[in-house]
1. Please arrange Ser93, Ser211 by how many other C-beta atoms lie within 10 Å of their C-beta, fewest to most.
2. Grab the DSSP H runs of the chain that are 4 residues or longer, score each as -39,500 (n - 2.57), total them, divide by all residues and round the 222 nm result to the nearest 500 deg cm²/dmol.
3. With the contact rule set at Cα under 8 Å and sequence spacing of 6 or more, what percent relative contact order holds for the range 114-227?
4. Note down the relative contact order for the chain as a percent, whole number, built from C-alpha pairs under 8 angstrom at least six residues apart.
5. Say R0 is 25 Å: what FRET efficiency, to the nearest 0.05, do Glu59 and Ala27 get from their beta-carbon distance?
6. Divide the volume of the convex hull of the Cα atoms of the chain by its number of residues and quote the answer in cubic angstrom per residue.
7. Report Rg(Cα)/(2.2 N^0.38 Å) for the range 68-118, keeping two decimals.
8. Provide, for q = 0.18 Å⁻¹, the log10 of I(q)/I(0) from a solvent-free Debye sum over equal Cα point scatterers in the range 125-208.
Amino acid sequence: MAASTAPTSQTHPASLPPSVFTLPQTAQLEALYTIIRDKTTSRGDFLFYSDRIIRLLVEESLNHLPVIPKIVETPTGATYEGVGFEGKICGVSILRAGEAMEAGLREVCRSVRIGKILIQRDEETALPKLFYSKLPEDIASRYVLLLDPMLATGGSAMKAVEVLQEQGVPEERIIFINLIAAPEGLKRFCGRFPSLRVITGWIDKGLNEKSYIIPGLGDFGERRYCE
Ligand code: URA
């Protein structure tokens with residue numbers, strides 16, 4: 001096949017909800033995804049290349065935060081009418097895989113506060129259940145970057161948003177960041193929280209019978225921490 005700068009995959013269903021934003025679907029990005037999807041990729045390479053994608057996702061999510069006018073004086077003595085950051089932010093990771101995205105957020109936002117939420121499937125009801133949460137006290141006054149690498153059924157993410165809402169965080173101040181999303185999960189999640197923005201790197205084909213994303217990359221946590 002001849003070299004190309006265009007991505008080879010068809011990734012965008014026409015019915016993408018308006019609150020969903022993907023990274024620019026370039027061939028370079030697709031090459032990063034090809035490496036992390038490959039089952040023969042070493043753990044070291046998985047860490048390195050997934051971190052590159054996480055960094056892109058964090059930067060893209062910050063583009064959705066508000067700015068305010070700001071005038072500065074430059075070393076030439078001129079003034080520059082620019083803008084400054086307005087919103088206070090924090091990160092909230094959904095354990096355990098979401099923790100892998102914390103370092104990428106810290107690289108871009110030094111000393112950012114980070115909360116954690118642990119949600120697991122309740123064996124009796126088969127529904128997502130909150131097991132633990134530790135959130136910044138002033139979270140209600142912050143923009144929240146919610147971190148979870150894989151949006152599969154959307155069950156854990158929806159439970160996490162409920163926890164944030166109980167703490168007073170409005171839906172429109174939450175930005176959910178993930179590397180790969182399944183269309184089923186996206187539809188469910190965005191149907192429930194239509195004004196919550198989702199920044200995803202890639203939208204895959206769908207879910208299998210075990211709720212794994214297809215083609216996906218397998219179990220993100222296992223590949224990142226164990227293999
Ligand atoms: N979580 C994962 O790690 N992988 C999937 O495919 C779905 C959920």
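Bear in mind these aren't lab numbers, they're just calculated from the coordinates by the rules spelled out. Everything numeric here is computed off the predicted structure, so don't read it as measured data. Here the Cβ is made from the backbone with ideal geometry for all residues, glycine too, and neighbour counts use every protein chain on show.
1. Values: Ser93 23, Ser211 13.
The fewest-first ordering by Cβ neighbours comes to Ser211, Ser93.
2. Roughly -9000 deg cm²/dmol at 222 nm, from the helical runs in the chain.
3. Across the range 114-227, relative contact order equals 21 percent.
4. Relative contact order here is 22 percent.
5. Numbers: r = 19 Å, r/R0 = 0.76.
With a Förster radius of 25 Å, E is 0.85.
6. 168 Å³
7. 1.69
8. Log10 I(q)/I(0), no solvent term: -0.75.
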